[in-house]
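Let me begin by presenting the structure, written as structure tokens, before commenting on it.
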Amino acid sequence: MPRLILILNFWVLLFCSANAHEVRPAYLSIAEDSTAEFTVIWKQPILDGKRLRIEPMFPEICIKSNPKRSIENSTVIEKFNLKCGLIKGEIVISGLEQTMTDVIIKIDYLSGKRNTSLIKPNEPKFILGTKTSIIDNNYLSIGIDHILRGWDHLLFIIGLVLLINRRQILGVATAFTIAHSLTLGLAAFSIINLPSQPVEILIAMSIVLLGVEIMRKKSGVNSISSKHPYIIALMIGLIHGCGFAGALADIGLPKGMELFSLLLFNLGVELGQFAIIGLTILTLTILARVSNNLRKNSEIILTYGISSIGMFWIIERVSDYII
């Protein structure tokens, strides 16, 4: 068993290190400064020290000028000016179909109108001049997408299922939801503003803490989380809420619909969260029906995997923060 745990942890670490940045979305922000003149900010994630081979392609009539490039927090940031109307035609994200990355496009016009759209690899273009269902669709899907592709949030949710009993799962999940909804709302409306890198480090630390608490419980130790699961869920939920807020930081919220859009994003997060909880419980139930030992061994392997990945992320994120 120890050898199996070591081998599985090794492969899981390789998988997570290879995919952790790939699923981060890219952001294309376009703001009209004067008639037919725009300021463009293009942010794309760095994967294994290299930027993804994706580029926004604008209509042929557009003239690009004053390009500037910088690197911040494992993200390549390009700024430039664009001279054209951006009324008709399409914006194509070249190379997106070869990745797992989504692109969030935000266009702000002088009139106060804002278009926001989520571009996916299977359809890497945005049609200008079309009516987009931003409120009805995209903020909900962005929330779902964020939780399902956020490995750190996913592992924490799976860990909660392993830590608490079935009678407590609904209450603990609700406590976690209330807490991260609170900080998500405060951060989204700029009432609190925490730097993203320390928050990401704290999230990684919460995953390690959860893994340790699961091990203590399985060893028969009456841990803090076993005694006060709701308080622990509330405290850690506050931290994860700041992490969720990062997904909204670049795209913003549509004017006049801020609260509704935030609720849709949060609903998307919750739908993804409860889907993972349900799938985890179903998987463990099926394993238990096959063999009780199979379920127990699977939980042990999963617990060691969660702790190991959490430690890997702490080292990675602290080193990125220091360097």
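The values are calculated or read from the model by the stated rules, or taken from the named source; none is laboratory data. Here the structure is a predicted model, which is why all the values come from computation and not from measurement. Cβ atoms come from the backbone with ideal geometry, glycine included; neighbour counts cover every protein chain shown.
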**Lone qualifier among Val221, Val208 - being at pLDDT 85 or above and surrounded by fewer than 22 Cβ atoms within 10 Å (Cβ to Cβ)** = Val208
**Message:** Any residue that is in a loop (DSSP other than H, G, I, E, B), among the small types (Gly, Ala, Ser) and modelled with pLDDT of 90 or more - is there at least one of those in the stretch 21-37?
**Reply:** no
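Report, by residue number, each residue of the stretch 281-302 that is in a helix (DSSP H, G or I) and either of a type in the set (S, T, N, Q) or not assigned by TED's automatic domain parsing to the domain that holds Leu210 (or both).
Of everything in the stretch 281-302, those that are in a helix (DSSP H, G or I) and either of a type in the set (S, T, N, Q) or not assigned by TED's automatic domain parsing to the domain that holds Leu210 (or both) turn out to be Thr283, Thr285, Asn292, Asn293, Asn297, Ser298.
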**Asked** Scanning the stretch 72-83 for residues that are of a type outside the set (D, E, K, R) and touching a strand residue (DSSP E or B) at 6+ places or on another chain (Cβ under 7 Å), which turns out farthest from Ile107 (Cα to Cα)?
**Response** Ser74
**Unmet requirement for Leu160, which otherwise passes all of (1) in contact (Cβ under 8 Å) with a residue 60 or more places away in the chain; (2) touching a Gly at 6+ places or on another chain (Cβ under 8 Å)** = (2)
**Item:** Residue list for the stretch 125-160, filter: at pLDDT 75 or above, over 25 Å from Thr283 (Cβ atoms) and of a type in the set (A, V, I, L, M, F, W, C)
**Value:** Phe126, Ile127, Leu128, Leu140, Ile142
